[in-house]
1. Identify, by number, the condition in (1) modelled with pLDDT of 95 or more; (2) in contact with a helix residue (DSSP H, G or I) (Cβ under 7 Å, 6 or more places away or on another chain) that Y217 doesn't meet.
2. Going by what's in this entry, would P119 be described as out of contact with any Leu (no Cβ under 9 Å at 6 or more places or on another chain) and surrounded by fewer than 21 Cβ atoms within 10 Å (Cβ to Cβ)?
3. Inside the stretch 38-112, counting only helices (runs of 4 or more DSSP H) that do not spill past its ends, which hold 3 or more residues that are modelled with pLDDT under 85?
4. Evaluate the stretch 157-167: report whether one residue or more is among the basic types (K, R) and surrounded by fewer than 14 Cβ atoms within 10 Å (Cβ to Cβ).
5. Restricting attention to the stretch 182-207, which residues are of a type outside the set (K, R), surrounded by 12 or more Cβ atoms within 10 Å (Cβ to Cβ) and in a helix (DSSP H, G or I)?
6. Using the structure shown, decide if R250 is outside the structural domain of P118 (by TED's automatic domain parsing), basic (K, R) and not in a helix (DSSP H, G or I).
7. Would it be correct to say that P210 is of a type outside the set (S, T, N, Q) and either within 28 Å of A134 (Cα to Cα) or in contact with a Pro (Cβ under 9 Å, 6 or more places away or on another chain) (or both)?
8. Name the one entry in R173, R177, R244, R230 that is touching a residue at least 60 places away in the same chain (Cβ under 8 Å) and touching a Gly at 6+ places or on another chain (Cβ under 6 Å).
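The values are calculated or read from the model by the stated rules, or taken from the named source; none is laboratory data. Note that the structure is a prediction, hence the values are computed from the model and not measured. Here Cβ is always computed from backbone atoms with ideal geometry, including for glycine, and neighbour counts include all displayed protein chains.
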Amino acid sequence: MARSSLYQQVAAELRKAIYVGALGPGDQIPTEAELMEAHAVSRNTVRLALGELENEGLILRMRRRGTFVRERRPLLIRPQDELSSLRAGEPRIDAFVHAVTSEGREAGQDIEVAIVQPPEDVATRLALAGRALAVVRRRLRYVDGQPYNTNDSYFPYAFVAESEIARPGDIRRGANRVLEELGHPQVRVIDDISARMPTPDESARLQLEPGTPVVVYVRVGYDPEDVPVRVAVSVLPADKHLIRYELEAR
């Protein structure tokens, strides 16, 4: 049997044990020597199998400690929840905080505010001309004290320069409510979702393990004049999030 088939067979058996629960989150994977004996394969074959599972985000190899099944408790994100909070008469909620607290977990965040020339793709989405400025509110979000995702919200500086959005600190009633008070309620949004490997900075900020991809979730909000007033860019580690849309036929 070819070497590739051997390591894939070992990986498949370990993968099955993880998915059926025989090996649960935090459980230690048998040692390389134990796997070699159990499957009658070489050390290199075992290492190839473990490397494949690590790249899939199923296991975590820790120097001098061993190999463990990674914790897999994805946070359920419902993008439509933010839309419901934009409707007149509805209470304003932070969709992330709501998602976390509804699971009985603790939410937290660090906030930085800056006036910037936004990245080209953000400037295009905001329909900013030339070197027009934007206010960005950068948030590193936590669940149970662990970094979970980042959310950078950009607003045209001309719209929000004198508002709370341009000042440091949390906005208890939410930036969406402030936009509404400024005459720019968001009446529709466009979402783009893609996946890629993280940048070094993202890996450091989110404390990502090797082989963890991220989902990039971009939401553009428009006011009644169809002017883009907010671009929110979220970077979500793929092993920690589940995005669920619910759509109804009209």
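1. Every listed condition holds for Y217 apart from (2).
2. yes
3. 80-84, 95-101
4. yes
5. Of everything in the stretch 182-207, those that are of a type outside the set (K, R), surrounded by 12 or more Cβ atoms within 10 Å (Cβ to Cβ) and in a helix (DSSP H, G or I) turn out to be E202, S203, L206.
6. In short, yes.
7. No.
8. Going through R173, R177, R244, R230 in turn, just one is touching a residue at least 60 places away in the same chain (Cβ under 8 Å) and touching a Gly at 6+ places or on another chain (Cβ under 6 Å): R230.
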